[in-house]
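The values are calculated or read from the model by the stated rules, or taken from the named source; none is laboratory data. These numbers were taken from a predicted model, which means no experiment stands behind them. FYI the Cβ positions are ideal-geometry reconstructions off the backbone, even for glycines, and counts take in every protein chain you see.
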Amino acid sequence: MNLLSEIIRSEAARRGVLTFARFMELALYHPELGYYETPNHSPGRRGDFYTSVSTGELFGQLLACQFAGWLEEIRSAECGVRIIEAGAHDGKLAADILNWLQIHRPKLFPEIEYWILEPSPRRREWQRGTLKDFLPRVRWFADFHSITTSTPHSALRTTRLNGIIFSNELLDAFPVHRFGWDAKDKTWFEWGVAVGGEKFIWAHCPDSPAPEIGERAGERGASPSSILDLPSSLLAVLPDGYTIETSPAAQNWWREAAGVLARGKLLAIDYGFTAGEMFSPVRTRGTLRAYFQHHASDDILANPGEQDLTAHVNFSAIQKAGEGAGLKTESFLTQSQFLTRILEKAAKDESFGEFVASKRLAASQHSEDGSEDGWSAKQTRQFQTLTHPDHLGRAFRVLVQSR
């Protein structure tokens, strides 16, 4: 066992059984040994997984193009506008966005502050290195609460912000609780983690509160094990042991973000399903996966701190949390649809002339160098990877809410 395994083993010995959410929290976010605290676990070819950012700079450029349009609609002479990125990884996406805005929106750029929500001091230092050319414009905060307590009143003027709050592949990394269905007793039980010899093993959490179920579930707020709003007709046919994940932490974070937003957009880009899509005969063991060197594994409990852990986002729950906080849902799209719409807007607006007209994009995708439509072969390959359903286009969803 590695050192982190020993730490988890010790805590499990004291408690008997850990919730999987606690196991996942330690495996990913232990301040010294967690997976995301180790520099050699960055995304990309040499890491354990690919992200949209690791395909190249085009993803950030397209987001910046869209963000510019949104910010110009809500810009305020009194307090300016802000882009708040949560979970900025190594800062590469922030750099791509800021670089595009600086070059292509020189009048808007001086009015923008770029804030990063990052609780890890170690990751902040990595991000500062990537963003050293933009440091006067970039600020870091541990969470939303630290924004309201550490920002001078004269600079912020309000505890609520005008601008864009967004995350890219953040919600899927929030710790999840894992539940199994007992078909005989018609009830859910929570899977936890215990020690079995030299390994970690799955075990039932004793006295775990069952998820609330039914049409009126959630009217009293989320229970510690979150809310499963499922029709009785579905429960009647669920096979024994059917497994799902819930993330109260992700829902609470989204609700908090919605509360901070005075005017603007709240955006999430992530792997995920609607609540109805979460239940499928091909997903009887849930969506929880481990990733190591670009290979998915079901051995979730092996080598904590050395493999990524992720579960698909329940976008229905996230959407409901935002709407409950007063936001309006503008769109819920695949990444392919979202990015293609940015190009469609570019075709109609001369100020977005940096990108080719979408009606000519199809021809560009089949071109050897893409030069016919002003795209390089590199840009064409990046766009194909970002939007093709066999790559990142269908797997990723984009939720946009606004106030």
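Per-structure values
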read-out: Matching option when the condition is farther than 26 Å from Asn303 by Cα and either surrounded by fewer than 17 Cβ atoms within 10 Å (Cβ to Cβ) or modelled with pLDDT of 90 or more (or both), among Glu118, Glu72; value: Glu72
read-out: Identity of the residue in the range 375-403, without any contact (Cβ under 8 Å) to a residue 40 or more places away in the chain, in contact with a helix residue (DSSP H, G or I) (Cβ under 7 Å, 6 or more places away or on another chain) and of a type in the set (S, T, N, Q), that ends up surrounded by the fewest Cβ atoms within 10 Å (Cβ to Cβ); value: Gln384
read-out: Residues located in the range 117-139, provided they are farther than 18 Å from Thr38 by Cα and under 20 Å from the mean Cα position of the chain (by Cα); value: Leu117
read-out: Among (1) of a type in the set (Asp, Glu); (2) at pLDDT 95 or above; (3) surrounded by fewer than 18 Cβ atoms within 10 Å (Cβ to Cβ), the one test that Asp298 misses; value: (2)
read-out: Conditions (1) crowded, with 20+ Cβ neighbours inside 10 Å; (2) modelled with pLDDT under 80; (3) under 19 Å from the mean Cα position of the chain (by Cα); number of the one not met by Leu327; value: (2)
read-out: Positions within the range 56-93 being touching a helix residue (DSSP H, G or I) at 6+ places or on another chain (Cβ under 7 Å), of a type in the set (A, V, I, L, M) and outside any strand (DSSP E or B), in sequence order; value: Leu58, Leu62, Leu63, Ala64, Ala68, Ala88, Leu93
read-out: Flag if Ala250 is touching a Phe, Trp or Tyr at 6+ places or on another chain (Cβ under 6 Å), modelled with pLDDT of 90 or more and not in a loop (DSSP other than H, G, I, E, B); value: yes
read-out: Failed condition for Leu261, given (1) more than 15 Å from the chain's Cα centre (by Cα); (2) buried (at least 22 other Cβ atoms within 10 Å of the Cβ); (3) assigned by TED's automatic domain parsing to the domain that holds Tyr36; value: (3)
read-out: Test result for Leu309, within 30 Å of Ile8 (Cβ to Cβ) and crowded, with 16+ Cβ neighbours inside 10 Å; value: yes
read-out: Residue in the range 264-275 that is of a type in the set (S, T, N, Q), outside the structural domain of Thr385 (by TED's automatic domain parsing), crowded, with 20+ Cβ neighbours inside 10 Å and touching a Ser or Thr at 6+ places or on another chain (Cβ under 6 Å) present; value: no
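Table: residues versus (1) in contact (Cβ under 8 Å) with a residue 40 or more places away in the chain; (2) more than 13 Å from Ala68 (Cβ to Cβ).
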{"position": "Gln102", "(1), (2)": "no, no"}
{"position": "Pro106", "(1), (2)": "no, no"}
{"position": "Phe109", "(1), (2)": "no, no"}
{"position": "Trp115", "(1), (2)": "no, yes"}
{"position": "Ser120", "(1), (2)": "yes, yes"}
{"position": "Arg139", "(1), (2)": "no, yes"}
